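Just below is one structure, and these are the notes that go with it.
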Amino acid sequence: MCGIVGYLGNKQAYPILIKGLKRLEYRGYDSAGVAILNNGINLYKCKGKVADLEELTKDKDTEGHIGIGHTRWATHGLPNDVNAHPHYSDSSSIVMIHNGIIENYSPLRKTLEARGYKFRSETDSEVLINLIEEVQKQEKVSLAEAVRKALKEVVGAYAIVLFAKDSPDELIAAKKGSPLVIGVGENEFYLASDATPIIEYTRDVVYLEDEEIAVISKADGLNIINIKNQKITPYLQQLEMEIEELEKGGYDYFMLKEIFEQPRSIADSMRGRISLDKKIVSLGGIKNYEETLLKARRIIIIACGTSWHAGLVGEYLFEDLARIPVEVEYASEFRYRNPIIYEDDVVIAISQSGETADTLAAIELAKKRGATIIGICNVVGSSIARATHAGSYTHAGPEIGVASTKAFTAQVTLLTLMALSIGYKKETLPKQRYTQLVAELEQLPSKIVRALKLNDQIYKISELFYEASNFLYLGRGYSFPVALEGALKLKEISYIHAEGYPAAEMKHGPIALIDEQMPVVVVAPKASSYEKVVSNIQEVKARKGIVIAVVTEGDNVIKDIADHVIEVPEADEILMPIITSIPLQLLSYHIALLRGCNVDQPRNLAKSVTVE
Ligand code: G6P
């Protein structure tokens, strides 16, 4: 959460910062600001989005070759002009941007106030910049050294970039817990929370590690030390992303583009992982840990949000195909309840961004207790990808819409590949079924193309229900996580209250909610519990609920009972979550738009949740 950017070089900093902030807006959009060095510091910030900041700076002096920028997701203090970043130090000689949380900000602030420091904002970040100023003043050290010493006193997470008007031509950056990437160009440097603001200028990047401090200057280039004052040799890596992936490409919203990209993103998740001739699934990234997986006593899947829903599908897959007991855990609960973790447990951590703070902390805990950690991440080089023992990337491409769509189906695709491969090698999955499933996997992209053709029909259904106040989503077996994800999607972007429930559990509570106003979305493809789901639909209809059913093409039974049917292509039951998710994504997209919501940047949400 919160996006940060920085630039030092010979170009004008302001346009680079603004463009970078727009790329990072998925991380928060409560307020935005920039500070630029030009014979003193010009600082502009305001409540609202980067577009509001542009409006504010329209007639202002934005000249300068060194600058920092920030887009905020509020933690400490309201989203207003004053709490927006960058923050000045008390004397106004240093400015800083921060992503993360300083947990011990309160005692630090009291100490600083006792020494006469005045605070302009309610933020924890302002405490840190003042602490840096105080250390520099007291110890008469360089700015970099003051940063290092101050960070030793800090508890919490941070990615910071700062500069001072008295040390021109120098940017200092540091990180712990929150991400920071440094793009290295010719005599110029780009800093950002992820690589998206950097890609069009350079492909050479350094991912700063925890407790490292980068000192960047025109004279000496990039130098890195750690908090113990040891010199670190920067490890230069090459970015593989393409700029087109970061643009809307003719679509009105990133979310729609990303929904429609799924035939490709799913194919990319499988590419190179299914051998064409032998139809064998093989995941290079986890090859060295395959034996561990085969012998695993248990799989613990940890994730948050949509990734947690993908994990639930994973539970069905691994138990069904590989006969390994699975527990799916919310990372935020898992890490705080002293969980029992065995050395022969395999933890699968799922994260689109690879930066979710709770997931990262849960990984560290499981690692300490000796478990093997396998990552499923979308963002290459992300913190989670680097913290795991091994892993596979989903290769869905950058996901910019805050509500996750293509990342979810890619995660489920990858979990399916893993479960198939392990099940086959463990011989819990008979060869014939394995071969049939692999062949069906290859047909998935074309089935997704067909599912996307339902867009117009789903728009028409959305027109009928966009004013509803509540929605219920039901599913059984493999369709239960799909129902949860469908409900989450609707909640996130349309602000309609929606609940996902196991269809059979409806009678234990949610059935009381059903009346003629209540749309009930039932995910009911042909699957093992199909007949039971048909009965559940009857129960809804008997109470006058309105049923929108997602069914397998040609299903005439449900067509006769439900009010609306959305027919998706047929596939084996284990692959249906990937297909049935598509109409639910489209349904929430259209409903949200009809309600006038910003589907790409829903209120209060952010995409990369780097706070706990
Ligand atoms: C946020 C996002 C969700 C995402 C969740 C977990 O809440 O808005 O879309 O599912 O974080 O994020 P991760 O990057 O770990 O998958």
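List of remarks:
- The value of relative contact order for the range 1-137, using C-alpha pairs under 8 Å at least six residues apart, is 25 percent.
- For the range 342-353, putting each phi into the Karplus relation 6.51 cos²θ - 1.76 cosθ + 1.60 with θ = phi - 60° gives couplings of 9, 5, 9, 7, 10, 9, 10, 9, 10, 7, 4, 6 Hz, in residue order, rounded to whole numbers and with x for Gly and Pro.
- Length-normalised contact order of the range 345-472 in % [C-alpha pairs under 8 Å, at least 6 apart]: 16
- Working from label points 7 Å from Cα in the Cα-to-Cβ sense, the ASP61 to LEU594 distance is 5.4 nm.
- Under the shape rule built on the C-alpha gyration tensor, where the axes satisfy a ≥ b ≥ c, the range 344-417 is prolate, since a/c reaches at least 1.5 and a/b is greater than b/c.
- Only one residue of ASN42, ILE574, LEU454 has its Cα farthest out toward the positive end of the dipole of the chain, where Lys and Arg carry +1 and Asp and Glu -1 on Cβ, and that residue is ILE574.
- Shape parameters for the range 169-315, alpha-carbon atoms, Rg then Dmax in Å: 20.2, 58
- Semi-axes of the equivalent ellipsoid for the range 464-612, Cα gyration tensor, largest first, Å: 25, 18, 14
- The calculated 222 nm mean residue ellipticity attributable to helices in the chain amounts to -11000 deg cm²/dmol, summing -39500 (n - 2.57) over DSSP H runs of n ≥ 4 and dividing by all residues.
- Distance between the range 460-487 and the range 535-557 - C-alpha centres, whole angstrom: 13
- Taking amide hydrogens as placed 1.01 Å from N in the peptide plane, the amide H of VAL326 sits under 5 Å from those of ILE299, each at least 5 positions away in sequence or on another chain.
- Debye equation applied to the C-alpha atoms of the chain, log10 I(q)/I(0) at 0.05, 0.07, 0.08 Å⁻¹: -0.23, -0.45, -0.59
- Over the range 70-124, equivalent-ellipsoid semi-axes from the Cα gyration tensor in Å: 18, 14, 10
- Per residue solvent-accessible surface (Å²) - the range 389-537, probe of 1.4 Å: 36
- The range 303-354: C-alpha gyration tensor shape, a/c 1.5 cut-off, then a/b vs b/c: oblate
- With a Förster radius of 41 Å applied to the beta-carbon distance between LYS541 and ASP252, the computed FRET efficiency rounds to 0.70.
- Per-peptide average of other Cβ atoms within 10 Å, ordering 330-339, 41-50, 110-119 highest first: 41-50, 330-339, 110-119
- Simple spin-label estimate for LEU513 and GLU245 in nanometres, 7 Å along Cα-Cβ: 3.7
- To the nearest 10, the accessible area of CYS2 is 10 Å² with a 1.4 Å probe.
- Using a cut-off of 23 Å between Cα atoms, the listed pairs LYS447/LYS559; LYS152/LYS175; LYS406/LYS544; LYS175/LYS228; LYS19/LYS58 include LYS406/LYS544 as exceeding that distance.
- Value of relative contact order over the chain, rounded to a whole percent, pairs C-alpha under 8 Å and six or more apart: 12
- Point-charge dipole on Cβ atoms (K/R +1, D/E -1) for the chain, about Cα centre, debye to 20: 740
- Length released on extending from SER528 to ASP456, taking residue separation times 0.36 nm less the Cα-Cα span: 22.9 nm
- Largest to smallest accessible area among VAL547, VAL184 [probe 1.4 Å]: VAL184, VAL547
- Cα long-axis angle, helix 406-426 against the chain (0 to 90 degrees, to the nearest 10): 60
- Using 0.36 nm per residue and subtracting the Cα-Cα separation, the extra length available between GLN237 and VAL557 on full extension is 109.6 nm.
- For the pair GLU505 and GLU442, label points projected 7 Å from Cα toward Cβ lie 3.9 nm apart.
- Helix 479-494 axis versus longest C-alpha principal axis of the chain: approximately 50°, rounded to the nearest ten.
- Amide H contacts of GLU212 (H built 1.01 Å from N, under 5 Å, at least 5 apart or other chain): LYS175
- Highest to lowest packing among 313-324, 419-430, scored as the average C-beta count within 10 Å: 313-324, 419-430
- Across the protein chains, with a 1.4 Å probe defining accessible surface, the residues ASP90, ASP59 rank ASP59, ASP90 from largest area downward.
- Pairwise FRET efficiency - LYS137 versus VAL82, Cβ, R0 = 41 Å, nearest 0.05: 0.95
- Protection proxy ranking of 526-534, 302-310, 170-178 - average other beta-carbon atoms within 10 Å, highest first: 302-310, 170-178, 526-534
- Acute angle (nearest 10 degrees) that the helix 105-114 long axis makes with the longest principal axis of the chain, alpha-carbon atoms: 20
- Karplus 3J(HN,Hα) series, Hz, for the range 93-101 with 6.51 cos²θ - 1.76 cosθ + 1.60 (x for Gly, Pro): 9, 10, 10, 8, 10, 9, 10, x, 9
- Rg/Rh (Cα only; Kirkwood hydrodynamic radius) as it applies to the range 1-136: 0.96
- Overall shape: rounded for the range 281-376, with the ratio a/c of the largest to smallest alpha carbon gyration tensor axis below 1.5.
- Fraction of accessible area attributable to carbon and sulfur, the chain (%, probe 1.4 Å): 49
- Cα Rg over Rh - the range 553-602, Kirkwood: 1.09
- Accessible area per residue for the range 1-108, computed on protein heavy atoms with a 1.4 Å probe, is 34 Å².
- Converting phi to 3J(HN,Hα) with the Karplus coefficients 6.51, -1.76 and 1.60 and the offset θ = phi - 60°, the range 147-156 yields 4, 4, 5, 5, 5, 5, 8, 9, 10, x Hz in sequence order, with x at every glycine or proline.
The values are calculated or read from the model by the stated rules, or taken from the named source; none is laboratory data. Just so we're clear, the structure is a prediction, and the values are computed from it rather than from any experiment. No Cβ is skipped: glycine too gets one built from the backbone with ideal geometry, and neighbour counts run over all protein chains shown. Ligands, DNA and RNA are stripped out before the accessible areas are found, and what is left, the full protein with its side chains, is counted by its heavy atoms. Shrake-Rupley method; radii C 1.70, N 1.55, O 1.52, S 1.80 Å.
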